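Since every read-out is calculated from the coordinates, none of them should be taken as a lab result. In this text, all values refer to a predicted model and were calculated from it rather than measured experimentally. When we count neighbours, we look across all protein chains shown, and the Cβ atoms used for this are built from the backbone with ideal geometry, even at glycine.
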Amino acid sequence: MITNALDNKPLPVYGDGKQERDWLHVNDNCRGILAVLERGRTGEVYNIGGSHVDQNIAVVQRLLGMMGAPETLVSYVADRPGHDRRYALDCTKIQSELGWKPEISLEDGIRQTIEWYQDNGKWLADVRAGEYLSYYEKYYDDRVNALNAIVGSGSTLPAHKQHA
C-alpha cells in the first residue's frame, strides 16, 4: 500500500475493506518471539498480537492521510472467496505470564514504516528490478556448494544435510 501510494498507483482493497485485523509492528513481534524463547514454558503456546484491531480500509485511509495522498487512490477489488472478516488474538497469556506487550502504537508503526520506505528508495528500486534474485541464485541454486563454502576449508556438510 505504501509503495503504491508513493508511486501514485491504485491501492487495492478487497470487498468493502471492513475486514478487521490485529495490527502488530515487526519489532514488537520480534520482541514477543524473544520473550517466548527466553521466558516461555516448553510446549506452551503464546499468542503475539498488537492489540490494535482495526478495519483494513481504516488503516489504508490513515496511511493515505499520513502520506498526504488522495483517498481516490483506493481501488475496491473483488473479495477473495472465504475471506475472513476478522483476525484477532487473545494475548492475555503472554502478557500475564511473560510480561510482554506491544510497545509501538499502530499510528507510530505506520509512520515509521512510511518513513522507512521513503528513506530506502534505492532498496525498493533494486527489489523491483530483480536485484535480490542474484542473492538467491548465489546462495540457493547450488545450496550444497554454497553451504560448504560457508562452512569453510576442507569440511563438508554431512550427506543427510546435503538434500535439505
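Things to note:
- Matching residues, the stretch 48-59, being in contact with an Asp or Glu (Cβ under 6 Å, 6 or more places away or on another chain) and not small (G, A, S): V53, Q55
- Out of G50, G40, sole residue that is more than 13 Å from I110 (Cβ to Cβ) and crowded, with 17+ Cβ neighbours inside 10 Å: G40
- Selected residue (criterion: surrounded by the fewest Cβ atoms within 10 Å (Cβ to Cβ)) from residues of the stretch 20-37 that are of a type in the set (A, V, I, L, M, F, W, C) and farther than 16 Å from I110 by Cα: L37
- Contacts under 9 angstrom Cβ, first residue in the stretch 108-122 being surrounded by fewer than 12 Cβ atoms within 10 Å (Cβ to Cβ), partner not in a helix (DSSP H, G or I), 6 or more apart: D108/H25
Here's the yes/no breakdown for (1) in a loop (DSSP other than H, G, I, E, B); (2) touching a Pro at 6+ places or on another chain (Cβ under 9 Å); (3) under 29 Å from V45 (Cα atoms):
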| position | (1), (2), (3) |
| --- | --- |
| L63 | no, no, no |
| A69 | yes, no, no |
| Y76 | no, yes, no |
| D84 | yes, no, yes |
| A88 | yes, no, yes |
| E103 | yes, no, yes |
| Q112 | no, no, no |
| E115 | no, no, no |
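- Some residue of the stretch 10-17 being β-branched (V, I, T), outside any loop (DSSP other than H, G, I, E, B) and within 20 Å of the chain's Cα centre (by Cα): yes
- Screening A129 on (1) in contact with a Gly (Cβ under 9 Å, 6 or more places away or on another chain); (2) over 26 Å from N29 (Cα atoms) shows it passes everything except condition (1).
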